[in-house]
Every structure is written in C-alpha cells, then in structure tokens.
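Structure first, commentary second.
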Amino acid sequence: MTHSAHKLAELARSVVEPMGYELVGVEQAQRGGSHGGAVLRVYIDAEQGINLDDCASVSHQLSGVLDVEDPIPGHYDLEVSSPGLDRPLFGVAHYERFRGRRAKVRLGSKLEGRRHFEGLLAGVVDDCLRLEGEGQVFALPLAMIESARLVPEF
C-alpha cells in the first residue's frame, strides 16, 4: 500500500468506525472514457449488512472530512458502498479471515506467464498468498497482488 493509499484508508477509518461500521477498504482509480477524472471508492460493512441510507450517511460525513483534509489533488467522485457478494479483499487480514473461500486474484505483472488466478484461499506464508486451484498451490507474492475478490457462492 502506498503512503497516499494508507493515508486515505486511515482518514476513511477515522470517519467510518466511530459511526459503527467496518471499513473494508479504499480504492482510488481513474475513470476511463470521455468523463475522465478520478474516483475514490470506500467499502463499508456492518454485522446487519449495509443499506443505501448507511452509504449516504457515511458519504456525507466523509465528504466533509475530505473537503477539509484535501488528500486527493484535482477533481474526484466519492463512492461509498457495501463490499457486495464479490467482496474485495484488502491485505493479509482479509486473506486469513476468508481462508477456505474461493477468490479471484489479479497480479500487477505476470507470474508463471499469467496475471489472473482463481482458487481457494489457503493463508499467507513467507509474504505470499497461497491459493489452491487447478490441482496445484500457487504462491502469489503479496507485493504483486493488484486486486483480489471473493467469488460469490450460491
């Protein structure tokens, strides 16, 4: 996690957690197409689940803090949402929490000739996420992981 990403996560956490929600994670991305600009996605959760009113309440509080702190240069849109069925995973704590669940992992660069992996989360050993799939166990270096999401189970 970069310094600026860590600062954004801590800033979001300082708003979200006192409101009684779990901060799942924060993503910052550039929008494509003619609209351009950046988007800041903040994922929240709660034991009873998240509804639209929860997202609106957090968005209102967080946007005020972001306006004052101004951690992102230029224009951006703030999106607050639940993690959904294909929950994004942010780091070791999530990989351990959801151990045994199926996940899709995308790497920032190729490993063994590929960037996309899918399998069961099998923990973290020696700074590598162990992912069991396709009859083998992949050791994916944490530093190479660009994104990871649970695969919904029905």
By residue number, the members of segment 4-18 that are modelled with pLDDT of 95 or more and either surrounded by fewer than 14 Cβ atoms within 10 Å (Cβ to Cβ) or not in a helix (DSSP H, G or I) (or both) are SER14, GLU17, PRO18
Those residues of segment 27-74 that are touching a residue at least 40 places away in the same chain (Cβ under 8 Å) and in a strand (DSSP E or B) come to a total of 5
Going through segment 75-93 in order, the residues found to be among the acidic types (Asp, Glu) and in contact (Cβ under 8 Å) with a residue 60 or more places away in the chain are ASP86
Top-ranked residue in segment 133-154 [being touching a Phe, Trp or Tyr at 6+ places or on another chain (Cβ under 8 Å) and under 17 Å from VAL92 (Cβ atoms); ranked as surrounded by the most Cβ atoms within 10 Å (Cβ to Cβ)]: ALA148
Return only the number of the condition from (1) at pLDDT below 95; (2) touching a strand residue (DSSP E or B) at 6+ places or on another chain (Cβ under 6 Å); (3) of a type outside the set (Val, Ile, Thr) that GLN48 does not satisfy. (2)
Can you run down the residue pairs with Cβ atoms below 8 Å, 6 or more apart or on separate chains, where the first is in segment 97-115 and surrounded by fewer than 13 Cβ atoms within 10 Å (Cβ to Cβ) and the partner is modelled with pLDDT of 95 or more and not in a strand (DSSP E or B)? GLY108/MET144; SER109/MET144
Criterion violated by GLY74 - all others in (1) within 28 Å of PHE138 (Cα to Cα); (2) more than 19 Å from the chain's Cα centre (by Cα) satisfied: (1)
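The values are calculated or read from the model by the stated rules, or taken from the named source; none is laboratory data. This is a predicted model, so every value here is computed, not measured. With ideal geometry, Cβ positions are generated from the backbone for all residues, glycine too; neighbour counts draw on all protein chains shown.
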